[in-house]
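The values are calculated or read from the model by the stated rules, or taken from the named source; none is laboratory data. Source: prediction; values computed, not measured. FYI the Cβ positions are ideal-geometry reconstructions off the backbone, even for glycines, and counts take in every protein chain you see. Surface accessibility is based on the protein's heavy atoms, side chains included, excluding ligands, DNA and RNA. Shrake-Rupley method; radii C 1.70, N 1.55, O 1.52, S 1.80 Å.
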Amino acid sequence: ANSGGWSAIGTNYSLQGEGRWRFAQFGGLAIATNGVDPMQKIDLTTFATAALGGSPPRFTMLAVVKDFLVGGVYDGDVNTIGWSGLNDAEFWTTAQRQADKNILAAGGAVTGILGGEYGTILQRNRITRMDYVGGNVIFQINETSSNIGCVSMHSVAQWGNLGFFLSDSGF
């Protein structure tokens, strides 16, 4: 909103139907993704907008985990997450500067990611935790629950270190 009204900051995007924009703040940038169009960045000081640099993949959801921008549903692959280079949301070359991706073979589609000092990955049938360990591993990903999952990516919300989502048993 600008002085009590709304201002368009971009046009000609491909988002349709049930698609949604998702946002994450990484340093002085607001980063937006919709899973279809190239990710966008908004400079929070100047409000200038542009495509996010570094040829990032397309993600359906975003979170900031430690010093990485993490996304879920990597270029349409519902079982894959990926993350930027260390402390650089515009560096996406896999296996360099700790940028990488991980295919989650069990648990079903990724339906949400909660950020902070560690990441929580919500999948349709399980929850995993991603802890930064550095080195060649980068993130250690461990299952925390195999009997509960998130049924809808549109139900995920985070407030501080608390996460909320809709499961088969309710919120």
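Below is a table of values for the structure above.
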{"quantity": "Single condition V70 does not satisfy, out of (1) out of contact with any Phe, Trp or Tyr (no Cβ under 6 Å at 6 or more places or on another chain); (2) part of a strand (DSSP E or B)", "calculated": "(1)"}
{"quantity": "Residue within the range 33-41 that is closer than 19 Å to L114 by Cβ and of a type outside the set (A, V, I, L, M, F, W, C) present", "calculated": "yes"}
{"quantity": "Filter result (within 24 Å of T120 (Cβ to Cβ) and open to solvent by 40 Å² or more (accessible area, probe 1.4 Å)) within the range 36-63", "calculated": "R58"}
{"quantity": "In the range 158-171, the residues that are surrounded by 12 or more Cβ atoms within 10 Å (Cβ to Cβ) and not in a loop (DSSP other than H, G, I, E, B)", "calculated": "Q158, G163, F164, S167"}
{"quantity": "Residue satisfying all of: in the range 79-101; within 20 Å of T128 (Cα to Cα) and in a strand (DSSP E or B); most open to solvent (accessible area, probe 1.4 Å) among these", "calculated": "K101"}
{"quantity": "In the range 126-156, residue surrounded by the fewest Cβ atoms within 10 Å (Cβ to Cβ) [restricted to those that are in contact with an Asp or Glu (Cβ under 7 Å, 6 or more places away or on another chain) and assigned to a strand (DSSP E or B)]", "calculated": "Q140"}
{"quantity": "Failed item in (1) open to solvent by less than 30 Å² (accessible area, probe 1.4 Å); (2) free of Cβ contacts under 8 Å to residues at least 40 places away in the same chain; (3) within 16 Å of the chain's Cα centre (by Cα), with L69 passing the rest", "calculated": "(2)"}
{"quantity": "The range 102-116, residues that are open to solvent by 30 Å² or more (accessible area, probe 1.4 Å) and within 17 Å of S84 (Cβ to Cβ)", "calculated": "N102, G116"}
